[in-house]
């Protein structure tokens with residue numbers, strides 16, 4: 001499963017022309033947005 005994930009992530013990184021640092025920032029921002037949405041609807 002991990003090999004598959006690395007392969008898919010590599011394909012998307014090449015397709016969109018982004019590097020690992022940018023992927024990390026996208027994931028970080030996505031986590032913040034998800035947390036805010038969950039907080040607003042649950043709490």
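Please treat every number below as a calculation from the coordinates, not as lab data. All values derive from a computational prediction rather than experimental measurement. Note that each Cβ is placed from the backbone with ideal geometry, even for glycine, and that neighbours are counted across all protein chains shown.
Would you check if there is a residue in the range 29-40 being touching a helix residue (DSSP H, G or I) at 6+ places or on another chain (Cβ under 9 Å) and assigned to a helix (DSSP H, G or I)? Walk me through how you get there before you give the answer.
So the first thing to find is which residues in the range 29-40 are touching a helix residue (DSSP H, G or I) at 6+ places or on another chain (Cβ under 9 Å), and the list is none.
There is no residue in the range 29-40 that is touching a helix residue (DSSP H, G or I) at 6+ places or on another chain (Cβ under 9 Å) and assigned to a helix (DSSP H, G or I).
Only one entry of 18, 26 meets the criterion of being out of contact with any helix residue (DSSP H, G or I) (no Cβ under 9 Å at 6 or more places or on another chain) and either in a helix (DSSP H, G or I) or surrounded by 10 or more Cβ atoms within 10 Å (Cβ to Cβ) (or both), and that entry is 26.
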